[in-house]
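Taken together, the values in this text are just the output of simple stated rules run on the coordinates, not laboratory data. Only a predicted model underlies this, so the values are computations on that prediction, with no experimental measurement involved. We place every Cβ from the backbone using ideal geometry, glycine too, and count neighbours over all the protein chains shown.
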Amino acid sequence: MVELDHTFSTGKDTDYNWQAILDLERLVPCVEGGSVLEATSPESVKAEIKVRMGAMSMTFKGTVEVAERDDDAHRALLKVKSRDVGGSGYANADVTFAVTNGGGDIHTAAQISGKAASMGEGVVASVLDALIKDFTTKLANI
């Protein structure tokens, strides 16, 4: 299990940030290599992400869903469940957003198996960290 914490700044008000987090069709493409394949409900999408880890390139397909949301506190838990298309591994994550005026906080708890996990926890953590930092930059522009 890899756990990471990040803050993000958008310069936008709380309501705008909250709506951006809940709009999965806008949110998922903010992740480098991420794309929405199909919206299955207002709070769930089928998605894929192409990830580079060192010399390896992997594609994970699965679902992203808003599993919990507290509109008053502007907190949401997104659950990501995906499998490695070319192997037997998976990448699952619970991503908690706490949105504030101007930005917010993200807590990521990820579980990785298969080829990606064989790279070692340090590599996995650094790749995830870079993905999330890039995501927070793009989040400010949606």
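Under 5 Å between amide hydrogens, built in the peptide plane, is the criterion, and for residue 100 it picks out 105 among residues at least 5 positions away or on other chains.
Counting only Cβ charges, +1 for Lys and Arg and -1 for Asp and Glu, the dipole size of region 2-139 around its Cα centre is about 640 debye. Counting only alpha carbon atoms, the long axis of helix 121-139 and the longest principal axis of the chain meet at about 30°. Think of it as helices only: each DSSP H run of n ≥ 4 in the chain is worth -39500 (n - 2.57), and spread over all residues that comes to -7000 deg cm²/dmol at 222 nm. Summing +1 for each Lys or Arg and -1 for each Asp or Glu among the other residues whose beta-carbon sits under 14 angstrom from that of residue 41 gives -2. Only lysine pairs 8 or more places apart or on separate chains count here, and in the chain those with Cα atoms under 21 Å apart total 19.
Between the alpha-carbon centres of region 92-142 and region 29-89 there is a gap of 11 Å.
The Cα-based radius of gyration of region 45-142, divided by its Kirkwood radius, gives an Rg/Rh of 0.99. Could you tell me which residue out of 14, 57, 123 lies farthest along the dipole of the chain toward its positive end? Charges go on the beta carbon: Lys and Arg +1, Asp and Glu -1, centred on the Cα centre. Highest projection toward the positive end goes to 57.
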